[in-house]
Amino acid sequence: MEKIAIFPGSFDPITRGHASIIRRAIPLFDKIIVAIGVNALKSTYFDLDTRIKMIQAVFANGNKIEVQNYTGLTINFCREVNAQFLLRGLRTSADFEFERSIGQINKQLDPYIETVFLLTKPEHTAINSSIVRDILRHKGDVSQFVPAEVLQFLK
Ligand code: ADP
């Protein structure tokens, strides 16, 4: 059976931290679906189309990586695309507590789906999309925090 993982998030925008987790997970799975969760009630800095294009640009040469968007429960989207694995990155103990609760609840909702965690590389621990958005709002330089392919979308 094909091993399919989804990597859910809002990716507003994708950062070097996200990209590193996805890259490191490539040898573990046959396919990784980067899944952009869409919440109609939340506004985002980048529209959905731009977020999809940014991720596609970062993984232009990776035939194991797909980008999709979804609404509703992540676990339901896993079932829709036949994913048996949910990939998550862990930066800090705060991430751990948050992820532990979601991971355990998801396991109760669907015992056949496993959440797989990769520890963030030390140099990516401080990076998150919300800080990147703050820097962008104030016209700062985010080039250290996002993959080089993302820069073309910022102009
Ligand atoms: P987003 O930041 O895209 O809104 P999340 O914060 O839920 O969404 O991130 C999606 C996934 O990416 C989570 O598993 C999160 O732990 C992971 N992640 C976010 N930032 C980093 C980072 N700097 N290094 C590694 N993993 C990260």
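No value in this document is a laboratory result; all are computed from the given coordinates. Fair warning: this is a prediction, and the values are worked out from it, not measured in the lab. All Cβ positions, even for glycine, are placed from backbone atoms using ideal geometry, and neighbour counts span all protein chains on display.
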(request) Working carefully through the options Lys3, Lys53, find the one that is basic (Lys, Arg) and surrounded by fewer than 15 Cβ atoms within 10 Å (Cβ to Cβ). (result) Lys3
(message) I'm trying to understand the selection: among the residues of the range 122-133, which are surrounded by 13 or more Cβ atoms within 10 Å (Cβ to Cβ) and either hydroxyl-bearing (Ser, Thr, Tyr) or touching a Gly at 6+ places or on another chain (Cβ under 8 Å) (or both)?
(response) His124, Thr125, Ile127, Asn128, Ser129
(message) When the residues of the range 138-152 are narrowed to those that are outside any loop (DSSP other than H, G, I, E, B) and without any contact (Cβ under 8 Å) to a residue 40 or more places away in the chain, which ends up surrounded by the fewest Cβ atoms within 10 Å (Cβ to Cβ)?
(response) Ala148
(message) Against the definition (of a type in the set (A, V, I, L, M), within 23 Å of Ile4 (Cβ to Cβ) and crowded, with 16+ Cβ neighbours inside 10 Å), how does Ile113 come out, yes or no?
(response) yes
(request) Quickly run through the range 69-104 and pick out the residues that are under 14 Å from the mean Cα position of the chain (by Cα), basic (Lys, Arg) and within 14 Å of Thr115 (Cα to Cα). (result) Arg88
(request) State whether the residues of the range 128-135 include one that is out of contact with any Cys (no Cβ under 8 Å at 6 or more places or on another chain), within 13 Å of the ligand (Cβ to nearest atom) and hydrophobic (A, V, I, L, M, F, W, C). (result) yes
(request) Please report, ordered by residue number, the helices (runs of 4 or more DSSP H) entirely within the range 1-110 with at least 3 residues that are near the ligand (Cβ under 10 Å from one of its atoms) and aliphatic (A, V, I, L, M). (result) 16-25
(message) Six or more apart or on different chains, Cβ atoms under 6 Å: show the pairs whose first residue is in the range 1-18 and closer than 14 Å to Tyr112 by Cα and whose second is charged (D, E, K, R).
(response) Lys3/Asp30; Ile4/Lys31
(request) Of all residues in the range 86-103, count the ones that are loosely packed, with under 11 Cβ neighbours inside 10 Å and of a type outside the set (A, V, I, L, M, F, W, C). (result) 3
